[in-house]
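Written below as C-alpha cells is the structure these notes are about.
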Amino acid sequence: MASRQYVQKEWRLLSYWLAQFHANADISMNVRLGPTIGRASVAPVAELPSTVSRVFHRYVDAVFVESGEPTIVEAKLDPDPGIFSQLIHYARKFRMDAAWAAYASKPLHLVALVYSDDPSVAIEAPYYGVQWVVYQPNLQELTPPQVRFSPVAGEPANMPLPDNWASRLESWGVKAMLGTS
C-alpha cells in the first residue's frame, strides 16, 4: 500500500504543477510511447484493437504541447540519476511513435519535476538537455521538502563530458542545454 500512496503523491505533484504553470497546454498524462509492436508469443485476436500489444510499453508521466512544441515530464518525489535515462528513453520512443508524428520537426523539451532537490543530481541536467524543476507546493500529506544531499566537497561545478556528448540527444530532436545553467 505504501508504494501506491507514493505514486499518488507524485501524481498530485505533477497535476498541481501542470495546472499552475501549463494550464493552457494540451496535456496527456500516463502516456504510452513508441510504435505498436506485436508480440510473437501472443496469438492475434481479431476482435481486439492493435494497440493491445502496447500494454508492455513504458509510460511517461506526462506529455504536453504548448506553443506548438512538445514537452515530456517525469515527476519524482525523491530524485535519482535514473530520471535522466528515463527521459532520454522516452524522447527516443516519442520520436518513433506515429501518434506524435506531427511534432517530428519540433524541438522536444524534457523536464525532470522533483519535490525534494538533490544538487548532486541536478548538476547533470544540462548535460542531458533536461530542465530541472524543483516544485514544492503546500501539500499537507507530504513531508516538508528538503535538500537530500549537498555536492561532494571538491566536486567540480561542471563535470567535463566528451565534446560530442550532445550529438546523441540532438539526433532525437532534444535540444541540449550545454553551457547553460
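The values are calculated or read from the model by the stated rules, or taken from the named source; none is laboratory data. Everything quoted here is computed from the prediction, not taken from an experiment. Here Cβ is always computed from backbone atoms with ideal geometry, including for glycine, and neighbour counts include all displayed protein chains.
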Candidates Arg148, Arg92 - the one that is within 20 Å of Met29 (Cα to Cα) and either at pLDDT 65 or above or surrounded by 13 or more Cβ atoms within 10 Å (Cβ to Cβ) (or both): Arg92
Count of residues meeting criterion [part of a strand (DSSP E or B) and either in contact (Cβ under 8 Å) with a residue 40 or more places away in the chain or over 26 Å from Ala19 (Cβ atoms) (or both)] in region 80-130: 6
Top-ranked residue in region 54-79 [being in a helix (DSSP H, G or I) and touching a strand residue (DSSP E or B) at 6+ places or on another chain (Cβ under 9 Å); ranked as surrounded by the most Cβ atoms within 10 Å (Cβ to Cβ)]: Arg54
Residue that is nearest to the chain's Cα centre (by Cα), among those in region 54-113 that are hydroxyl-bearing (Ser, Thr, Tyr) and more than 22 Å from Arg12 (Cβ to Cβ): Ser85
